[in-house]
1. Which members of the range 134-143 meet the condition of being surrounded by fewer than 19 Cβ atoms within 10 Å (Cβ to Cβ), in a helix (DSSP H, G or I) and touching a residue at least 12 places away in the same chain (Cβ under 8 Å)?
2. Would the range 120-137 turn up any residue that is modelled with pLDDT of 95 or more, touching a Pro at 6+ places or on another chain (Cβ under 6 Å) and of a type outside the set (Lys, Arg)?
3. Can you pull out every residue in the range 157-183 that is in contact (Cβ under 8 Å) with a residue 12 or more places away in the chain and in a loop (DSSP other than H, G, I, E, B)?
4. Could we say that Leu31 is modelled with pLDDT of 95 or more, aliphatic (A, V, I, L, M) and either closer than 15 Å to Leu159 by Cβ or part of a helix (DSSP H, G or I) (or both) here?
5. Do we find a residue being more than 29 Å from Pro24 (Cα to Cα) and of a type in the set (Asp, Glu) anywhere in the range 49-61?
6. Restricting to the range 65-79, name every residue that is surrounded by 13 or more Cβ atoms within 10 Å (Cβ to Cβ) and without any contact (Cβ under 8 Å) to a residue 60 or more places away in the chain.
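The values are calculated or read from the model by the stated rules, or taken from the named source; none is laboratory data. These figures come from a predicted structure and were not determined experimentally. Neighbour counts are summed over all protein chains in view; Cβ atoms, including those assigned to glycine, are modelled from backbone coordinates with ideal geometry.
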Amino acid sequence: MQEEIDFLRLAEERQSDRKYHEKPVEETKLLRCLEAARLAPSACNAQPWTFIVVNEPELKNAIASETSGGIIPINHFTKQAPCQVVLVMEQPNITSRFGEIVKDKKYTLMDVGIAASHFCLQAAAEGLGTCMIGWFNEKKVKQLLNIPKDKRPMLIITLGYPAGKKRKKIRKSRDEIIRYNSY
């Protein structure tokens, strides 16, 4: 008999956490998050991703510094998280690439988003907090992590035990976003 999973509760629980305890993330929990991401579906089974776990404190802080510099003072919380996972977009397989051209859709970006979502939802199931960061100095992050020139880091996901409070989710109403049979 299969165990029932309350997915809506999990989706309700998951939030972008911007405050973390110092407690390190257990390797078993990290591996389950990575496994959930690895199992994510992708167009033509391309699996166009690589995950770089950054948990060495000095390197983690160097990466965190590249998320908060510049004109707009944001993402200062990233140094608090004991772990970061950098999601690198890989080249899709030939079938997926062909589909992107023919249909003018960025399947690879969708695939990376699905994998990131799987990672973050598993983290929530583990009692961990995450925040997906897209605002960072890509050139410097590539340099710090020795990412090849033809690869692109798309997201940095902070990971740790959340120290902040759960916030009430503010979302558009169903009537604003759901249509049946026509726009």
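1. The answer is Glu138, Lys140.
2. Among the residues of the range 120-137, at least one is modelled with pLDDT of 95 or more, touching a Pro at 6+ places or on another chain (Cβ under 6 Å) and of a type outside the set (Lys, Arg), which makes the answer yes.
3. Of everything in the range 157-183, those that are in contact (Cβ under 8 Å) with a residue 12 or more places away in the chain and in a loop (DSSP other than H, G, I, E, B) turn out to be Tyr161, Ala163, Gly164, Lys166, Arg167, Lys169.
4. Yes; evaluated as a whole, the condition is true for this residue.
5. Initially, the range 49-61 is screened for residues more than 29 Å from Pro24 (Cα to Cα), giving none.
No, because not a single residue in the range 49-61 is more than 29 Å from Pro24 (Cα to Cα) and of a type in the set (Asp, Glu).
6. Ser65, Ser68, Lys79
The rows are residues; the columns are (1) closer than 22 Å to Asp150 by Cβ; (2) of a type outside the set (A, V, I, L, M).
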residue: Ser42; (1), (2): yes, yes
residue: Glu58; (1), (2): no, yes
residue: Ala62; (1), (2): no, no
residue: Thr78; (1), (2): no, yes
residue: Pro82; (1), (2): no, yes
residue: Thr95; (1), (2): yes, yes
residue: Glu100; (1), (2): yes, yes
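Condition check ((1) within 22 Å of Glu13 (Cα to Cα); (2) not in a helix (DSSP H, G or I)) across all residues:
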position	(1), (2)
Ile52	no, yes
Phe98	no, no
Ser117	yes, no
Met132	yes, yes
